[in-house]
1. What lysines sit close enough to A:LYS265 to cross-link, taking a C-alpha to C-alpha distance under 27 Å and skipping anything fewer than 8 places away on the same chain?
2. Please compute the alpha carbon radius of gyration of the range B:1-147, then divide it by the globular-protein estimate 2.2 N^0.38 Å. Two decimals is fine.
3. Going by amide H atoms built from the backbone, whose H comes under 5 Å of the H on C:GLY59, apart from near neighbours?
4. How many percent of Cα pairs in the range C:104-151 exceed 17 Å?
5. Label-point separation (nm) for A:ARG211 and B:THR249, each offset 7 Å from Cα along Cα-to-Cβ?
6. If I model the range C:74-171 as equal point scatterers sitting on the Cα atoms and use the Debye formula, what is log10 I(q)/I(0) at q = 0.13 Å⁻¹?
7. Is the protein assembly as shown rounded, prolate or oblate when judged by the Cα gyration tensor, a ≥ b ≥ c being the square roots of its eigenvalues, rounded requiring a/c under 1.5 and prolate requiring a/b larger than b/c?
8. Can you give the three extents of the C-alpha atoms in the range C:28-137 along their principal axes, from longest to shortest, in whole Å?
Amino acid sequence: METIEADVVTTPPEQVEVSATRKLGPIGWLSVGWLVFISLAAILAPILPLADPDKSFGREVARKGPGIPGHLLGGDSIGRDMLSRLIFGARTSLLIAVGAVLLGLVVGGLLGLLAGYVRGKLDTILTTLFNVFLSIPALVLALSLVAVLAPTDTGDGGSPVSHTRRVLVLILALGIVTIPILGRITRASTLSWAEREFVKASEVSGARPVRIMFREVLPNVFPAMMSITLLGIAVAIVAEGSLALLGVGITEEPTWGNMIETGRKFLRDAPHIVFLPSAAIFFTVMALNYLGDVIRARFDVREAAL
Amino acid sequence: MHLARELGKRVIGLVVVVLLVTLFTSFLLTLVPGDPVDTLIPVPDENEIVLERKAQVRERLNLDEPFPVRYVAWLGDFVTGDMGSFFRVTDEDPVADRVKDALPVSLQLVVYSQIFALVVAVPLGVLTAYRAGSRFDRATNATAFGMLALPNFVLALVLAYYVGVWLGWLPVNGYVPFSEDPAEHVRHMILPTITLAASQIAVYMRLLRSDMVATLQEDFIQMARSKGISDRRVLWRHALRPSSLTILTVAGLNVGALIGGAVVVEIIFRLPGMGTELVQAILSRQYVALQGFVAIIAIFYVLVNFLVDILYTVLDPRIRHARAR
Amino acid sequence: MSGPNAAGSFSPDGERPNNGVSGTPLPREHETQTRRLIEVDDLRTGFKTARGLVRAVDGVSLTLDRGRTLGIVGESGSGKTVLSRSIMGLLPKRNVVREGTVHYNGLELVGAPDAKVRDLWGAEMAMIFQDPMTSLNPVLKIGKQITEGMRFHLGMDRQTADKNALSLLREVGIPEPERRLKQYPHELSGGMRQRIMIAVALACGPKLLFADEPTTALDVTVQAQILNLLQREQRERDMGMILVTHDLGVVAGRTDEIAVMYAGQVVEKAATATLFRHVQHPYTEALLRSIPSMDAPSHSRLQAIPGRPPDLVNPPPACRFAPRCPYARDKCRQEAPPLLELEPGHAFRCWFPVRASADAVEAAAAELRAGQDAGTDGGETQVAVRGDGENEGGD
């Protein structure tokens, strides 16, 4: 009550908005719903009653828009079932994006936690390393890593890489890009939490540093990491698409990215080939961004920590 | 005195980062499977000329030397202007020459898009902050949120197809130097600029809005209002400048990040910039050239970061002062 | 005596019977009319929050003439800052409910178009803010901030405005004024900045000056200088001044009249000397006791009165000070005392005042109620207002 005057005089409009975003809200639930739906579809793709995504249904289906009999979302440029390809595409796209960001989360999170908690030389070294990797634009770094680790077929007997290896390389490349980002956030957040009384208290009481790091600091740093993780998955989904457009992505199996890449020549006659996977990316990215924002507002993750 | 020392420390940090980045890119090359020379010159060893050429390249790239020696040699070449080449059986195409052509294209694209993004985002950010919570504010924010989720390759394809091909209003590929034909230059740059700017408009608008909302709560804004000057004046003269630190910093950093980082837009609109060069090097497996491009892009990025940082901390203590509280 | 209103707005039949009579002096026909600057009648200001309407100012009436100074005193949360901003109209429109009347030179400000009120700001009435460290724009030069109002309101060209700014800076005691014009606020000390703020406020020659805790953020040694400067300017320029403070010590020798605020209402109001000599309200008494000595740290004062002001969303139908009042009895907790004027020019809101007898209060209150039951608004006011608000102020 003491500060009621100051409070009311400056009632920031933001405050109202923050409390509004604190609850998930209809858009939040819609986002969660979409993500659950798309993840389930991706995971269950092989047992769902879907057409073979690689099978062409011929001229009748090729470049036909949504709503033709037997093919709910129409066919692609050579008559493969769009719905099936979208769902199998989600499988690969999400596998790559989630895999990459999980890699970044585990490695970057651990390094950031170490750097922020142990400080000293280790912190200097790790921070410098983060900065080194951050000094190459993310897409350029990912592109270079993929190019080197999974060279493309030059068409003259060069050694094309297996599909599995290419997927792993993409996960690795996009993961390496995320490591320093998550590392930096985690470090900054750890720095601020490590100074709190309850952490100091358990240090004084003789708890082992590893225990303090994981039991006291990590749970508090986690919201910040989660929020960036969600945004990171969104960025990785788009990055997969970018790499596909640049000709270094997955080619053997459908991904949202390579569906757009192959469809771009047919924008005039069959725009749905580009628009359907684009919409899938759009809604997934939007849902992830929104939930990331909610977490950020909910746990007051400071922009400064970025 | 204090300033000079701080500056010195930063310059050293800068050099360390650049050295480590180039070390990393050099190391990357050792990961390429197979004999690097065979990769660079993918021709069977069928005659003397080819064999001789391969030996020559091997010699020139110090491929028989251990990695540290190779790196130091590369560094020496790099700082003296030999940034690697596209190798062919008969000759080679120096990266430095290509950079000379490609860098201005990328720079133009990046600068145009940043200016365009700021010109659109600043008024929107100011007005949404002023009308925070209004229908206009919510609609603008929702639109911005949507723009953030729209991958730029999708926007590029849509714009290229509908505005370029279908309506036929603007060219969708190629580059015309300004000195050659200013009007055509502008026409060729419009779509790539808009594509690149779209998501940044959303980012900048949101950044400025939130800083501006905070500034509008400040005492000095109440003070300015109490002078009886118009709201417009309060917004633009009193509130905007103290709120613009973050947005200008981010815009500055983006100039660095988008040299090469705009690769998708460059490829789709066929602009011969750094991103295009990079992809060409990758697709033709010219890893030495790739290393050169990545090094240049990274150095550029680090330098821009450095400059923005200096501007931020040294040149405007007044803003720092306003934000520090 | 209806209970507290439903949240959302001050309904006209809400608490009005209690406060409408706020027997504050409103001498309507008086020869000082031409000197009258501002008349505030039953001003209510609330903030819409998720919990309901926070009644920061709840039925305040007061008047001020040219050349006079009114002190508004209360602890933080009493509504004094909101009151001064509400009179001037400086509060944001969003989520703010403002009712009652504010006459400035005969012009009604409540509900007036923004542009009209804004024309008065700076030119006719100006405000000096509490914290000079945060109230000057950090990225604009001092000169710009002083001349801005003159160029905007008076249409001066740059040279004239600069010249005026220079003489203003001299007037408020800034050394090396030429150099200061080109400096930024962070290059000056707190005391200097407060002088700059005064210069900014005086720039267009306002007739009414609000000073909202003008010395709270300053060193003790500088406080007196700034207050003296304000007093001098007020006299020389024949302005009306409203000095808002939590510190009775600040207003002691510098105001003609003092209104003490508690929980959004005026609880005691009298000429300065009268108030100090014949304090009636226990809250004022407690404030008087808590006047800090010059060398005490400036934040030690509030501890002098234990407890906190009541929640202003749903104030109880009782004396709002009762929970903290050492003299409170059952009646205080059951019925809100009206603002009564037993002696001409000295109003207070208390059933058991420090000096006057409770019987006299009861009698006056009964008379007031009778007047209300009889009917008209005018009747009420007449009962309540026994005399001329501007009592022999300076003695």
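1. By straight Cα distance, A:LYS265 reaches A:LYS55, A:LYS64.
2. On the way: Rg = 24.8 Å, N = 147, 2.2 N^0.38 = 14.7 Å.
Relative to the 2.2 N^0.38 Å estimate, the range B:1-147 comes out at 1.69.
3. Counting only residues 5 or more places away or on other chains, the set is C:LEU43, C:ARG44, C:THR45.
4. Numbers: 561 of 1128 pairs.
I get 50 percent for the Cα pairs in the range C:104-151 exceeding 17 Å.
5. Taking the two extended label points, one gets 3.9 nm.
6. Log-scaled intensity ratios, in q order: -0.61.
7. Details: a/c = 2.56, a/b = 2.19, b/c = 1.17.
It is prolate, given that a/c is not under 1.5 and a/b is the larger ratio.
8. Projected onto its principal axes, the Cα set of the range C:28-137 covers 47, 32, 31 Å.
Throughout, read-outs are computed from the coordinates displayed, never taken from laboratory work. Given the structure is predicted, the values throughout are model-derived calculations rather than measurements. Here the Cβ is made from the backbone with ideal geometry for all residues, glycine too, and neighbour counts use every protein chain on show.
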